[in-house]
Structure formats: C-alpha cells, structure tokens
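Written below as structure tokens is the structure these notes are about.
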Amino acid sequence: MIEISQILLSFILFSLIITVPVNIFNYKMFVNKKFFNLDIASFNLILNCNILLLMSILPISLRLYNTLFIFSYLIIFIYIYFIKNFKFNLLKNFIQFISIFFIIFFIISTNVASELNLGWDAKYFYYIKALFFVEGQNFYDLNKFENIYHPHLGSFLWAFYWELLPSKIEYIGRLFYVFITCFSIFYVCHKDLKYSLMSNIIFVSLMFLFYKYERFSGLQEILIFSFLVITSKFYSKILNINNKYFIIFSILLCNLILWFKAEGIIYAIIMIMLLNLNNKVFFKEKIYINLSFLFIFFLKYLIYEISNNVMLEKTGHPYSINYFLDLNYQFIIYKLKFIMSYLAYYILNNIFFISGILILLILNFQKKKDAYIKIINFYFILNIIFIISAYLFRDVEIEYSIRTTMERVIFTSSGFYVFLIINYFKSLNTNS
C-alpha cells in the first residue's frame with residue numbers, strides 16, 4: 001500500500017513538469033476554452049528538463065533546491081489551474097482524458113518497482129553518478145569518478161526525484177523515465193485532447209508491445225528514444241504550420257540529447273541536419289539553428305573544461321585516427337559481414353524499426369512521398385550510416401561490441417519512426 005501511494009504521489013509530481021510554466025505565457029488557450037494542450041505540455045517537458053540541466057551544473061547540493069523547485073511549481077500550478085482559470089467541467093474532462101495515460105504509467109511503474117535489478121551500464125556508471133548527487137555532491141565532484149566521460153543528465157534526473165520524496169526510494173527516480181516515455185508515446189498518438197478510442201488503443205498497444213523492464217533499469221537509451229519520438233511529431237508540425245516554437249524547442253531538445261549519452265552528439269547532429277534539409281524552414285532560420293547548435297555544443301565543451309571532467313571526444317572512447325588509417329580492405333569486409341548480419345537481426349527484432357522501414361518502403365513505392373516522408377527517408381539513410389560507421393571504425397573486438405550494444409542502438413534510433421507508424425495506421429482506419 002505504501003508503494004502504491006508512492007507511485008501515485010510521484011505521478012502528481014511528475015505531472016507538474018508538463019503542466020507549467022509555459023502556460024503562464026499562453027492565456028489564449030483558456031480563452032479558446034482549452035484547459036490543457038499537448039503541444040504546450042511537450043514544451044513544458046523540454047523547457048523544464050533544460051532548467052534541470054542548468055541546475056545540475058550549478059555548484060550547489062541537490063538537497064538545497066529540489067524541494068523548493070517542486071514547491072514553486074506546485075504553487076504556479078494551483079494558481080493557473082485552480083485560481084485564475086478554474087472551470088470544473090474542463091478539469092473533469094481533462095482528468096478523464098489522461099486516465100488511460102495514468103493507468104499505463106501505474107501498471108509499468110508497479111513492475112519497475114518490483115524489479116530492482118539495474119542494467120550493466122546503469123549499475124557501473126549512471127547509478128554511481130546519481131549517488132553523487134543524492135549524497136550532497138554536485139557536478140564538479142564527478143571528476144572523482146573514474147568513468148567521468150559518461151554524460152550526467154540522466155543520472156541527475158534519476159537523483160532529483162530519488163531525493164525528492166521523504167522515503168528516498170531509488171526507483172522513484174527511474175519512474176520519471178517511465179513518465180517521460182509514456183508521455184512521448186501518448187503525445188504522438190493524440191492529435192488534441194478530444195477523446196479518441198483509436199488513439200487510446202494505439203497508445204496502449206504500443207506501450208505493451210515495446211515494454212521490457214530492461215528499458216527502465218537505469219539505462220539512458222530510453223530517454224533519447226522518448227525525445228526522438230517527440231521530435232518526430234515536431235518535424236511534422238514544422239512542415240505543416242512552420243511554427244517557430246517547434247523549431248526552438250527542437251533545438252532545446254537536441255541540447256538535452258547531448259547530455260544523456262556520449263552518442264547523443266550524433267543524434268543531435270542528425271536532427272539539426274534534418275532541419276537544414278527541411279524546405280519549410282527559411283534560410284535565415286537555418287542560420288540561427290546552426291549557430292544555436294554550435295553554441296550549445298561548445299558550451300558543453302566549455303563546461304566540461306571548467307569542471308575538469310573529461311568529454312568522450314577527448315578520452316575513454318574506442319575511436320582513433322590511427323585505427324581509421326590502418327583499416328584495410330579485407331578487414332573492412334570482415335567487419336561488415338558481422339555488422340550487416342547483426343544489423344538485420346536486431347532490426348527484425350525491433351517492432352518500431354522494422355515497422356518504420358516497411359511503412360517507409362510502402363509509401364515510397366506508392367509514390368506518396370510528401371515532405372514528411374522525405375524527412376524520414378533522410379533520417380533512415382543518416383541513421384544507417386551512423387550505425388555502420390560506429391562499429392566499422394570502433395577499435396574493439398567486433399562481435400563482442402555488436403552483441404553487447406547494437407540492440408540498444410537500434411532501439412534508441414527507432415524512436416523517430418513511431419509517429420510515422422501511428423499516422424500510417426490511423427490513415428488506414430480513415431480510408432476504411
């Protein structure tokens with residue numbers, strides 16, 4: 001019973017992250033008789049995670065501000081939704097609408113709470129970094145840890161909610177990963193807050209089809225996967241309405257991906273390249289996009305230099321110019337045999353990746369190549385090039401490297417196909 005109450009309380013606290021503070025600057029949504037908006041919710045999530053990123057690099061102990069942060073957001077929430085814009089019917093409809101979201105979150109959370117084994121990388125890297133924050137240390141103390149080249153943001157979010165509740169239960173921090181994942185799938189399944197049986201069926205089906213406890217065992221792939229899911233819908237929105245806010249929050253989202261895992265830099269670069277390939281984005285906007293990305297990348301580099309942490313680009317990685325120059329034709333063919341066979345195997349075993357490819361092939365053969373399909377085509381090409389190159393130029397035993405990491409790389413990459421899959425099945429239902 002205590003654990004159930006902890007999960008319920010954690011859901012309420014997590015929900016603050018998607019309900020404020022962007023709404024403060026968006027009163028029109030209430031004028032238009034909308035109590036809540038999923039796009040605004042996604043903006044809130046991305047903005048608040050960036051705020052938490054900023055807080056994570058301050059030389060301040062987590063214990064001094066995480067409770068104050070949540071308390072402030074609770075006050076803002078009460079003011080916006082219960083004082084300034086309270087409408088009982090809208091509140092009732094909103095609660096009914098998100099009930100399926102909460103039910104799925106609750107079911108997955110109870111499983112995560114009962115399975116306390118951590119993933120290998122989580123146990124030896126991310127959990128230890130989370131402990132640094134829980135024990136009152138800060139970002140600048142992480143250089144004491146020998147594996148300092150792993151980015152820290154996922155560990156900080158883990159520690160933030162781990163430390164927040166009086167019970168100080170470790171898995172509460174990982175339940176935030178569950179919340180982000182549930183929201184990302186929920187967001188791309190629903191067009192707005194109108195009840196849709198089809199959208200709910202798709203949402204529930206997708207959550208149970210891809211769910212594995214290992215995804216929430218402290219591994220960081222689930223975070224990049226979830227934000228790629230959100231990005232895929234953002235890029236569709238940019239094509240349809242060219243809303244500058246979706247561009248801005250896409251850049252902020254890339255900033256988050258940079259701080260989750262070392263390979264986040266590749267996913268962020270791919271996302272920026274896709275924005276540059278988007279014909280709906282004006283040339284002037286592309287200049288700002290590229291300058292903004294260069295700024296956040298070099299800002300990360302500067303922060304690592306100041307903190308005496310070590311970026312993956314500088315040490316601790318299995319890549320080198322000498323290894324690349326020493327590769328010969330025979331060895332490349334030898335490695336490619338392993339890469340291509342395992343790549344096919346893991347793609348076939350990933351529901352999102354294989355479905356995305358099949359749907360992409362169908363739409364291309366049907367010559368239904370609208371602007372969004374072209375974006376997905378570009379992503380597929382860049383994604384495959386990245387995966388092959390990552391293993392081809394990696395100075396480790398090839399089969400061991402693939403067996404231990406490729407499944408997670410495929411899973412992470414598959415997030416960008418989710419919106420395509422959902423739209424395709426919805427279109428079949430419409431046509432029928």
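The values are calculated or read from the model by the stated rules, or taken from the named source; none is laboratory data. Since the model is a prediction, treat every value here as computed from it, not as a measurement. Every residue, glycine among them, receives a Cβ derived from its backbone with ideal geometry; neighbour counts consider all protein chains shown. Ligands, DNA and RNA are stripped out before the accessible areas are found, and what is left, the full protein with its side chains, is counted by its heavy atoms. Shrake-Rupley method; radii C 1.70, N 1.55, O 1.52, S 1.80 Å.
Side notes on the structure shown:
- Single residue of the range 239-262 satisfying the filter (assigned to a loop (DSSP other than H, G, I, E, B) and over 13 Å from the mean Cα position of the chain (by Cα)) that is farthest from I385 (Cα to Cα): N243
- Any hit, the range 237-245, residues being of a type outside the set (V, I, T), open to solvent by less than 40 Å² (accessible area, probe 1.4 Å), touching a Gly at 6+ places or on another chain (Cβ under 7 Å) and more than 22 Å from N117 (Cβ to Cβ): no
- Residue among F331, F380 that is part of a helix (DSSP H, G or I), hydrophobic (A, V, I, L, M, F, W, C) and within 26 Å of the chain's Cα centre (by Cα): F380
- If you go through the range 294-312 and keep only what is assigned to a helix (DSSP H, G or I) and either of a type outside the set (A, V, I, L, M, F, W, C) or modelled with pLDDT under 80 (or both), you end up with K300, Y301, Y304, E305, I306, S307.
- Yes/no for V396 being hydrophobic (A, V, I, L, M, F, W, C) and in a loop (DSSP other than H, G, I, E, B): yes
- L219 satisfies every condition listed in (1) open to solvent by 50 Å² or more (accessible area, probe 1.4 Å); (2) among the aliphatic types (A, V, I, L, M); (3) assigned to a loop (DSSP other than H, G, I, E, B) except (1).
- In the range 225-245, the qualifying residues are those that are touching a residue at least 60 places away in the same chain (Cβ under 8 Å) and among the basic types (K, R), and the one that is nearest to K286 (Cα to Cα) is K237.
- Taking the range 112-212 and the helices (runs of 4 or more DSSP H) fully enclosed by it, the elements with 3 or more residues that are open to solvent by 40 Å² or more (accessible area, probe 1.4 Å) are at 127-134, 197-210.
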